[in-house]
1. Using beta carbons and a limit of 6 Å, which pairs, at least six apart or on different chains, have the first residue in region 141-160 and of a type in the set (D, E, K, R) and the second one buried (at least 21 other Cβ atoms within 10 Å of the Cβ) and not in a strand (DSSP E or B)?
2. Residues Phe63, Phe104, Phe89, Phe50: which one is open to solvent by less than 10 Å² (accessible area, probe 1.4 Å) and touching a Pro at 6+ places or on another chain (Cβ under 6 Å)?
3. Can we say Ser136 is in contact with a strand residue (DSSP E or B) (Cβ under 6 Å, 6 or more places away or on another chain), crowded, with 18+ Cβ neighbours inside 10 Å, over 12 Å from Pro93 (Cα atoms) and of a type in the set (Gly, Ala, Ser)?
4. Being of a type outside the set (A, V, I, L, M, F, W, C) and surrounded by 19 or more Cβ atoms within 10 Å (Cβ to Cβ) is the filter here, so list the residues in region 170-186 that pass it.
5. Sort out for me the strands (runs of 3 or more DSSP E) sitting completely within region 1-94 that have 2 or more residues that are without any contact (Cβ under 8 Å) to a residue 24 or more places away in the chain.
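The values are calculated or read from the model by the stated rules, or taken from the named source; none is laboratory data. As the structure is a prediction and not an experimental result, all values here were calculated from the model. Positions of Cβ are backbone-derived with ideal geometry, glycine not excepted, and every protein chain shown enters the neighbour counts. Calculation scope for accessible area: heavy atoms of the full protein, side chains included, ligands and nucleic acids excluded. Shrake-Rupley method; radii C 1.70, N 1.55, O 1.52, S 1.80 Å.
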Amino acid sequence: MKELIVPRMAILDRSFTAPEAARFLQEQAPIHPLDTVNWDSFAHRPDVSFRIGHSIDRILLCFYVSGDRPRARIAEVNGPVYRDSCVEFFFSPLADGVYYNFEFNCAGVPYCAYGRKRGDRTLLDPALVDTIARSSSLGSAPLDESARISSWGLAVCIPIGIFMDCGLKGFGWLTARGNFYKCGDDTALPHYLSWNPVCTPRPDFHRYDYFGSLVFE
């Protein structure tokens, strides 16, 4: 199991935007590769990395993707964004088997749910999901692969209020579990990359037993 240290960001102002979060991360957080190809039948591997950190009341996350053919056709919150060019953060704050899946296509459209396994998911209310700040380098408009774009980035800020159902009070000194993913089910080159390896016969990101360790400073 991989272990990742999630640094606490030196941020004085409690109010900041997703682009500002991307800058804080670039200045204060290390970059991590997201490059594990778990299934030989899906060998395409775009160049993907990410940074993660936290402030008093938010998780800051930024993905960097190149060698991709980005597609963003899903426009509704909690729609099937995994069909598009998609990055994902699966997070079990209390390391108790209950995890949240945060999925974003390359236009920043989110899908957010929680539960104990793939068949036990509760969608987050769209109004709550909207409290997650997002900023894509490609903007927020629908995008077709014919645009011939090969690289993009996405910054998100996930507020503590998202985790009200598990009673989380803060991120400091938290030892959690999680994984990071890049996929694109319906893209021209389908792919399924992970940070921590997933040892299943076919693509399945909903596997808590293959989450890595996330240690918050």
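1. So the pair list comes out as Glu145/Arg71.
2. Residue meeting the stated conditions: Phe104.
3. Working: in contact with a strand residue (DSSP E or B) (Cβ under 6 Å, 6 or more places away or on another chain): yes; crowded, with 18+ Cβ neighbours inside 10 Å: yes; over 12 Å from Pro93 (Cα atoms): yes; of a type in the set (Gly, Ala, Ser): yes.
The answer is yes for Ser136.
4. First, pick out the residues of region 170-186 that are of a type outside the set (A, V, I, L, M, F, W, C): 170, 172, 175, 177-179, 181-182, 184-186.
Residues satisfying the conditions are Arg177, Gly178, Asn179, Tyr181, Lys182, Gly184.
5. 47-54
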